[in-house]
Amino acid sequence: MNRGLLSGNSGGTNGQSAPRRHSGNGGLQPCGAAVGPSQPGTMNVFDRSINFDALFKFSHISASTQEHLKRVYGSFAICMFVAAAGAYINVVTHLFQFGLLTGLGSLGLMVWLTATPHSRETEQKRLGMLVGFAFLTGINLGPLLQMCISINPSIIPTAFLGTATIFACFSLSALYARRRSYLYLGGFLLSGLTLMLLSSLINAFVRSTWLFTANLYVALMIMCGFVLFDTQLIIEKAESGDKDYIWHCVDLFLDFVNIFRELLMILGMSENKKKEKK
């Protein structure tokens, strides 16, 4: 509870403090002092109303593109549920333990999806490919999830909440930003990805723990940058007439999965080090 401040003015001829009375807000003020309204600068910030309609209004994005984004994020939500189901089946039932086959299967579905043009006639077929790709992607996460469960099961919800927060923040940043303002990141991100792959190849022979850890953090930053880049690229493609929401969903889904994977590995290593110190 806020406390009022004691008035510092002295009164009376004998040096005694002037009589004081309680003000309406619990403070003490000299008698006769007028209790005026609170100053504008002291207004409680929680008294201000929030205009949520203005908060989620993207006036710089056309109505057709906003409708396209709804389809993209709707498909993205479906992919998340399907991938979670695939990961759950792999962890709980220990089915589909053939990592190479499921990896090749997801790659094959992605190539098939790319080769199939987007049209009303192929929309249902391509949605089926998207669901299959998301399911196999979830299965491929199974071994990493099992490793995290063996270390500390709380790593998985922590990594998921962290990924969701990162993805939401960077997505909103890209949506609110001026159009094309993050497209320049494409060259830097691809260069960073190339350097990261080269360092990973070198580390396969060097076996440096420090280099492996550095790669994890660099990869996490690069994937965060791809959320900005891919979101604005989707907007520009939609404004130019490219309404392939299924493939655009794949871009964002892969960004989310890669961030989730990097966070799982970072948190797993950190928790493992804590156990070793004990």
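Here are the numbers for the structure shown:
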quantity: Residue satisfying all of: in segment 229-245; buried (at least 21 other Cβ atoms within 10 Å of the Cβ) and of a type in the set (A, V, I, L, M); farthest from the chain's Cα centre (by Cα) among these; calculated: Ala238
quantity: Residues (surrounded by 14 or more Cβ atoms within 10 Å (Cβ to Cβ) and among the small types (Gly, Ala, Ser)) located in segment 94-134; calculated: Gly103, Gly105, Ser106, Gly108, Gly132, Ala134
quantity: Sole residue being within 26 Å of Pro143 (Cα to Cα), aliphatic (A, V, I, L, M) and touching a Cys at 6+ places or on another chain (Cβ under 8 Å), chosen from Ile266, Ile259; calculated: Ile259
quantity: All helices (runs of 4 or more DSSP H) inside segment 184-278 with 1 or more residues being charged (D, E, K, R) and at pLDDT below 90; calculated: 245-277
quantity: Criterion: modelled with pLDDT under 95, surrounded by 16 or more Cβ atoms within 10 Å (Cβ to Cβ) and either under 24 Å from Leu267 (Cβ atoms) or not aromatic (Phe, Trp, Tyr) (or both) - qualifying residue of Val72, Val82, Val91; calculated: Val91
quantity: Residues being aliphatic (A, V, I, L, M) and farther than 13 Å from Asp255 by Cα - total across segment 157-174; calculated: 4
quantity: Elements of type helices (runs of 4 or more DSSP H) in segment 66-179, at least 3 residues being in contact with a Ser or Thr (Cβ under 7 Å, 6 or more places away or on another chain) and either more than 13 Å from Phe260 (Cβ to Cβ) or basic (Lys, Arg) (or both); calculated: 123-140, 155-176
quantity: Filtered residue count, segment 181-210, keeping only those that are loosely packed, with under 14 Cβ neighbours inside 10 Å and among the hydrophobic types (A, V, I, L, M, F, W, C); calculated: 11
quantity: Those residues of segment 107-130 which are charged (D, E, K, R) and within 26 Å of the chain's Cα centre (by Cα), in sequence order; calculated: none
quantity: Qualifying positions in segment 176-221 - in contact with a helix residue (DSSP H, G or I) (Cβ under 8 Å, 6 or more places away or on another chain) and among the aromatic types (Phe, Trp, Tyr); calculated: Tyr182, Phe188, Phe212, Tyr217
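The values are calculated or read from the model by the stated rules, or taken from the named source; none is laboratory data. Please read all numbers here as calculations on a predicted model, not as lab measurements. Using ideal geometry, Cβ is built from the backbone for each residue, glycine included, and neighbour counts are taken over all protein chains shown.
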